[in-house]
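The values are calculated or read from the model by the stated rules, or taken from the named source; none is laboratory data. In this text the structure is predicted, and so the values were computed from the model without any measurement. We place every Cβ from the backbone using ideal geometry, glycine too, and count neighbours over all the protein chains shown. Protein only, heavy atoms only, side chains kept; ligands, DNA and RNA dropped before computing areas. Shrake-Rupley method; radii C 1.70, N 1.55, O 1.52, S 1.80 Å.
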Amino acid sequence: MKKVLWGLLAFVLTLAFTWGSLPGNYALAMGIAAALLAFFLLGHGEHSHHGAVSFDQLAQRSPLGKVHPGIKILFSLGALFLCAGAKSPWPPLLAGLVLGGVTVWKGKVPVRRYLSFLALPLSFIALSALVMIFHLSHFPIGLLDIPLGPVWLSATAAGRQDAMLTFCRAMGGVSCLYFLSLSTPLPEVIHCLEKIHVPQVVLELMFLIYRFLFLLWEEGQRRNQAAQARMGQGRFGRKVQSFALVAQGLLGGAILRAERSWQAMESRGYDGTFCFLQEKKPVRFRHGLWAALGLAALGITVFWPGR
């Protein structure tokens with residue numbers, strides 16, 4: 001079912017982006033191609049029952065972990081701000097593709113695993129873009145007009161331009177954050193924030209919230225597996241009923257697991273501060289140079305006159 005929805009979403013979004021700019025046959029062909037890519041790439045991604053935990057596992061195993069975390073944090077934040085400030089969709093789109101390629105190639109993250117991580121934010125961004133493209137009107141005023149009884153659902157050129165810019169900015173930002181999170185474990189990020197004197201209470205809350213999200217995710221996966229084992233994912237009505245039951249018990253189960261984790265921390269001597277064993281990683285000139293060149297190239301594409 002998810003594969004079909006992803007394919008349909010990719011088809012509608014591609015059609016909305018290309019209709020009116022390309023001949024109708026080409027726009028339909030591109031929509032079908034995008035739907036097939038979404039169906040096979042996003043639909044057949046590797047699904048981990050501990051997907052949140054695998055972020056930390058991949059970050060620990062990443063060859064990019066040898067790079068000083070400060071360089072990766074500055075590079076990711078700089079690229080994120082440049083993507084957010086772009087006036088054209090092409091620089092953030094290019095940055096997203098390059099950073100995704102670096103994460104997969106240099107970070108040794110499996111392609112299908114990376115695409116499975118990308119599927120959820122991509123779905124939300126695509127739905128938001130569709131809302132920006134289409135408007136209700138009493139007359140056909142857009143590049144693509146769909147009759148809905150007495151009104152029309154119209155895709156306007158201005159709405160499409162704004163949606164494309166927002167879509168590319170968001171995807172570029174997601175790629176920047178994935179580059180950081182899939183190459184830098186959270187304790188290293190916290191250690192860098194300590195060096196710039198971020199309050200300790202903020203860092204503790206950051207780590208506890210991060211860990212609680214893991215617990216919430218794991219508890220949801222366990223309950224979903226239990227529903228599947230009891231044939232609770234058959235007909236549509238049964239899926240809705242199973243989802244309601246899983247959601248009903250999810251928060252309570254996650255809170256119980258959080259309490260157990262708290263008790264385990266106290267039994268190990270937790271006194272309000274976290275101490276992580278850190279490996280000293282030197283700041284290498286070539287790493288800083290590559291990061292500076294990457295930000296400079298992205299900055300040129302963003303602020304180049306005429307864009």
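If you go through region 92-118 and keep only what is among the small types (Gly, Ala, Ser) and closer than 23 Å to Gln60 by Cβ, you end up with Gly100, Gly101, Gly107, Ser116. Here region 72-97 is the region considered, the condition is being open to solvent by 30 Å² or more (accessible area, probe 1.4 Å) and not in a helix (DSSP H, G or I), and the residue that is nearest to Gly288 (Cα to Cα) is Gly85. Quick one: how many residues across region 59-71 are more than 22 Å from Val111 (Cα to Cα) and not in a helix (DSSP H, G or I)? Result for region 59-71: 1. Return yes when Leu180 is outside any loop (DSSP other than H, G, I, E, B), at negative phi, surrounded by 15 or more Cβ atoms within 10 Å (Cβ to Cβ) and without any contact (Cβ under 8 Å) to a residue 60 or more places away in the chain and no when it is not. So Leu180 fails the test. Taking the criterion of being assigned to a helix (DSSP H, G or I), in contact (Cβ under 8 Å) with a residue 24 or more places away in the chain and open to solvent by 70 Å² or more (accessible area, probe 1.4 Å), the only residue of region 132-168 that qualifies is Asp162. When the residues of region 98-130 are filtered to those that are open to solvent by 30 Å² or more (accessible area, probe 1.4 Å) and not in a helix (DSSP H, G or I), the one that is farthest from Ala291 (Cα to Cα) is Pro110. A search for C-beta distances below 8 Å between a residue of region 282-297 that is open to solvent by less than 50 Å² (accessible area, probe 1.4 Å) and any residue that is among the charged types (D, E, K, R), counting only pairs 6+ apart in sequence or on different chains, returns Ala291/Lys72.
Does Val302 count as in contact (Cβ under 8 Å) with a residue 24 or more places away in the chain and open to solvent by 90 Å² or more (accessible area, probe 1.4 Å)? Taking the combined requirement at face value, the residue does not satisfy it. Inspection of region 263-280 identifies at least one residue that is surrounded by 14 or more Cβ atoms within 10 Å (Cβ to Cβ) and at pLDDT 80 or above. Restricting region 206-259 to residues that are outside any helix (DSSP H, G or I) and of a type in the set (Gly, Ala, Ser), the residue that is farthest from His191 (Cα to Cα) is Gly234.
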